[in-house]
Amino acid sequence: MKNNIVPALRLTLVLLVLFCGIYTLTIWGIAKAIPSNWLFAKTENGHYENIGQLFTNDKYFWSRPSAVGYNAAGSGGSNKGPSNPDYLSEVKARIDTFMVHNPDIKKEDIPSDIVTASGSGLDPNISVKAAEVQVKRIAKVRGISETTIRQIIEQQTEKPLLGLLGTEKVNVLNLNLALDQFSNTK
């Protein structure tokens, strides 16, 4: 029995030091070394803002819908399942509204993230495809070429971490600010 207990205790002690001490301090050090502007968008007043915001004007890219009205104090999803009739009617209404404002888009080309809310209800990002399906509307309203708007999308696209982890995404606030900045310099 002594042959089994002593090695198990040693292994427990080594793993305790490794995972509770060394690993924790390493992760903490890495987190302190990463500048916060890599993780969060800085607003005009100098604060970091990384929650979704409502954009409904046709000259802007629209955000992902929010189940909580973009209220950070009430973060959460709708908790309605994909077969819930109320949920389905909400998504259908969002699709109909999107198609009224984007008549050149076919229903099957609408990405799901532009008509369904995220789990937190505060997602500041949309997929690149969700941005691209809005290009025609914005180009027409702003009088800017679609090519120029696609270049702005490309500049604002956040690539996956290390090219592997995650998907390409676009922060809607940053994209709209870049769009306004371009329009103001035009």
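I'd like to check something: does region 63-72 contain any residue that is under 14 Å from Leu175 (Cα atoms) and either of a type in the set (Gly, Ala, Ser) or buried (at least 16 other Cβ atoms within 10 Å of the Cβ) (or both)?
Yes - at least one qualifying residue is present in region 63-72.
Do we have any residue at all in region 102-112 that's in contact with a Pro (Cβ under 9 Å, 6 or more places away or on another chain) and not hydroxyl-bearing (Ser, Thr, Tyr)?
For region 102-112, residues in contact with a Pro (Cβ under 9 Å, 6 or more places away or on another chain) and not hydroxyl-bearing (Ser, Thr, Tyr): absent.
Is it the case that region 140-162 has a residue that's under 17 Å from Pro65 (Cβ atoms), buried (at least 20 other Cβ atoms within 10 Å of the Cβ), of a type in the set (Val, Ile, Thr) and within 20 Å of the chain's Cα centre (by Cα)? Give the steps one after another, and end with the answer.
So the first thing to find is which residues in region 140-162 are under 17 Å from Pro65 (Cβ atoms), and the list is none.
No - not one qualifying residue is present in region 140-162.
Can you pull out the residues in region 37-56 that are surrounded by 10 or more Cβ atoms within 10 Å (Cβ to Cβ) and either modelled with pLDDT of 80 or more or not β-branched (Val, Ile, Thr) (or both)?
The answer is Leu39, Phe40, Ala41, Lys42, Tyr48, Glu49, Asn50, Gly52, Gln53, Leu54, Phe55.
The values are calculated or read from the model by the stated rules, or taken from the named source; none is laboratory data. Note that the structure is predicted; figures quoted are calculated from it, not measured. Note that we place each Cβ from the backbone using ideal geometry, even for glycine, and neighbour counts take in every protein chain shown.
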